[in-house]
Structures are given as structure tokens and as C-alpha cells.
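We did not get these values from a lab; they are worked out from the coordinates using the rules stated. As the structure is a computational prediction, the values presented were derived from the model and not from experiment. FYI the Cβ positions are ideal-geometry reconstructions off the backbone, even for glycines, and counts take in every protein chain you see.
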Amino acid sequence: NAGVMQNPRHLVRRRGQEARLRCSPMKGHSHVYWYRQLPEEGLKFMVYLQKENIIDESGMPKERFSAEFPKEGPSILRIQQVVRGDSAAYFCASSRQGNQPQHFGDGTRLSIL
Amino acid sequence: EDQVTQSPEALRLQEGESSSLNCSYTVSGLRGLFWYRQDPGKGPEFLFTLYSAGEEKEKERLKATITKKESFLHITAPKPEDSATYLCAVPFDGSGNTGKLIFGQGTTLQVKP
């Protein structure tokens, strides 16, 4: 009975590199959400996706960040040309329907050197 | 602007000392309020959903209640294993979909034996 799976759990990148974070939703869930938790701050919504579609990306920075949820495979959050300020914990959540409780993975902790 | 405010920020209790955590929200047209528990290094774990004023949900030593303006998480006779950060969240109403959750800053509970 696997929950939401995120990998890697920890990711270290140097400034200017790319970071790819993966999220496999719970079985039977087709709605995926990404949140970011900066040190000493609360969880902030980034993007909401349903299979092959971006539903709401209002919380995602306009530059360098992108997300996808292909028909097959995990959802990917991609950060290009990372900067120190991108250091944070990135959490993925999934739900069966859009108005149902979201279940979270244990996050990817991204550190930028 | 939709907001969620939790108080207190931190709470220390002795084992067996009951207390309540508060979550105040300002949203136009509540479509659910969610309580989560987050342990260090982990993702939020779903606890309860409340949909309308007067509703109550219980799970072991936890009981969640809600009015039109706030929700409470009551902890009865807590144990050290209840130590965690408790988060509440509401769906953002602005865009018409409920995918985006707005989280409070959380209450960090420490229960001493």
C-alpha cells in the first residue's frame, strides 16, 4: 500500500545546474500538487497538475521552474539554473479527485552549494 | 486575501495535560478545512477534513471542531508520541478549483513525559 513516493530524498546541486525532482502519486490518484517549504516558513503551493495537464501554476516562479505529469511515469518538477534561494524542501501530494484530501510524500530536500 | 493563522506557534505540555490548538481562517466560502501532522524530516500526514460549522471529527486523543471563523484541534491527555507540528489548511477559493491549499504556519507541540 505505497503512499506518495518522492525521489531523490536529498539532492545537492551547484549554482547554475539543473534539479529534477520526481513524484509518483498514490495508486488510483490522478491529481498531483507540488509545494515548497523554505526554512522557517510554511508550505507554499506551487503547481497543480492532472495527467498531461497543468491546472493551476499560480504559485510557481515564472522563470526557471517547470512541472509536468505525463501520461506514463512520475510527475517531474524541474528547476533550471538553480540559485541558493532554491534551497528548500519540495513536497508532492496527490489526491483521487481535485476536492479530496491531499496525501503527501516525504519530500525532496534540495541544497544548493 | 485568503489567510490561515495558527496559534500558538509553539506549545509545551506535560504528558496528560490537555489543550487546544487554534486555526483561524478568512476565506470566502469555505470548502473544507484540513488538519495535518508533520514530523521532522517527513511530509504532512493527513488527519481530518471538516466541511461545515459544528462538525466534529475524532481520532484517538485528537478531536477537531470548526466554527464559521476558526477550527480547533483538541488534544486530550497527550503522550510524548503526539509531539509534532500540526498544520491546518484551506482550499484557495479564488480560482474556482480546490487544488491549491493555503497552509498556516503550524503549531509545534512538545509533550514531555
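Grab the alpha carbons of the protein assembly as shown, take their convex hull, and tell me the volume per residue in Å³. Write down the numbers at each step before the final one.
Values: hull volume 28.1 nm³, N = 226.
Per residue, the Cα convex hull of the protein assembly as shown comes to 124 Å³.
Is there a simple number for the mean count of other chain Cβ atoms within 10 Å of the Cβ of residues in A:48-60, and what is it? Don't skip to the end; give the middle numbers.
Working: counts 6, 1, 1, 0, 0, 0, 0, 4, 7, 0, 5, 2, 0.
So the per-residue partner count for this stretch is 2.
Would you work out which of B:53, B:8, B:41 lies farthest towards the positive end of the dipole of the range B:1-59? Charges go on Cβ: Lys and Arg +1, Asp and Glu -1.
B:41
If you take the beta carbon distance between residue B:10 and residue A:71 as r and set R0 to 30 Å, what does 1/(1 + (r/R0)^6) give as a FRET efficiency, to the nearest 0.05? Could you put the intermediate results ahead of the total?
On the way: r = 45 Å, r/R0 = 1.49.
Computed FRET efficiency for residue B:10 and residue A:71 comes out at 0.10.
Let me check I have the definition right: for the range A:68-113, take the eigenvalues of the Cα gyration tensor, multiply each by 5, take square roots. What are those semi-axes in whole Å, largest first? Present the calculation step by step, with values, prior to reporting the outcome.
Details: eigenvalues 120, 39, 13 Å².
In descending order the semi-axes read 25, 14, 8 Å.
Evaluate E = 1/(1 + (r/R0)^6) for residue B:19 and residue A:30, where r is the Cβ-Cβ distance and R0 equals 30 Å; express this FRET efficiency to the nearest 0.05.
Working: r = 39 Å, r/R0 = 1.30.
For R0 = 30 Å, the calculated efficiency reads 0.15.
Between residue B:61 and residue A:51, what is the label-point separation in nm under the 7 Å Cα-to-beta-carbon projection?
Output for this residue pair reads 4.3 nm.
Once you place label points 7 Å from the Cα toward the Cβ at residue B:72 and residue A:63, how far apart are they in nm?
So the label points at residue B:72 and residue A:63 sit 4.9 nm apart.
Charges only on Cβ, +1 for Lys and Arg, -1 for Asp and Glu: so what's the dipole of chain A about the Cα centre, in debye to the nearest 20? Spell out each step's value before the answer.
Details: 17 positive and 11 negative charges, 66 e Å.
My answer is approximately 320 debye.
As a test, work out the antiparallel percent of DSSP beta bridges whose residues both lie in chain B, rounded to the nearest 5.
On the way: 36 of 41 bridges.
Antiparallel: roughly 90 percent of the beta bridges in chain B.
Net charge around residue B:65, counting only other residues with Cβ within less than 15 Å of its Cβ (Lys, Arg = +1; Asp, Glu = -1)? Display every interim value, and only then the final one.
Details: positive: B:57, B:59, B:61, B:63, B:68, B:69; negative: B:55, B:56, B:58, B:70.
Around residue B:65, the charge tally is +2.
May I ask you to list the chymotrypsin sites (Phe, Trp or Tyr not before Pro) in the range B:20-113 that are in a DSSP loop and have at most 14 other Cβ atoms within 10 Å of their Cβ? Intermediate results must be reported in sequence, preceding the final value.
Working: sites: B:25, B:34, B:35, B:36, B:46, B:48, B:51, B:72, B:86, B:92, B:103; in loops: B:51, B:92.
Sites meeting the loop and neighbour criteria: B:51.
Tally Lys/Arg at +1 and Asp/Glu at -1 over every other residue whose Cβ is under 11 Å from the Cβ of residue A:87; what's the total? Please list the in-between numbers first.
Working: positive: A:13, A:15, A:36, A:84, A:109; negative: A:86.
So the environment of residue A:87 carries a net charge of +4.
Hull surface divided by four, with the convex hull built on the Cα atoms of chain A: how many nm²? Kindly include the intermediate steps, with their values, before the conclusion.
Working: hull surface 26.9 nm².
Orientation-averaged projected area of the Cα hull: 6.7 nm².
Could you list the trypsin sites (Lys or Arg not before Pro) in the range A:3-89 that lie in coil according to DSSP, counting only those with at most 15 other Cβ atoms within 10 Å of their Cβ? Intermediate values should be presented prior to the final figure.
Details: sites: A:9, A:13, A:14, A:15, A:20, A:22, A:27, A:36, A:44, A:51, A:62, A:64, A:71, A:78, A:84; in loops: A:9, A:14, A:15, A:27, A:51, A:62, A:64, A:71.
Loop-located and lightly packed - A:9, A:14, A:15, A:27, A:51, A:62, A:64, A:71.
With 10 Å bins from zero, work out the P(r) of chain B over every alpha carbon pair and list the percent per bin.
Reading upward from the zero bin: 15, 48, 29, 7, 1.
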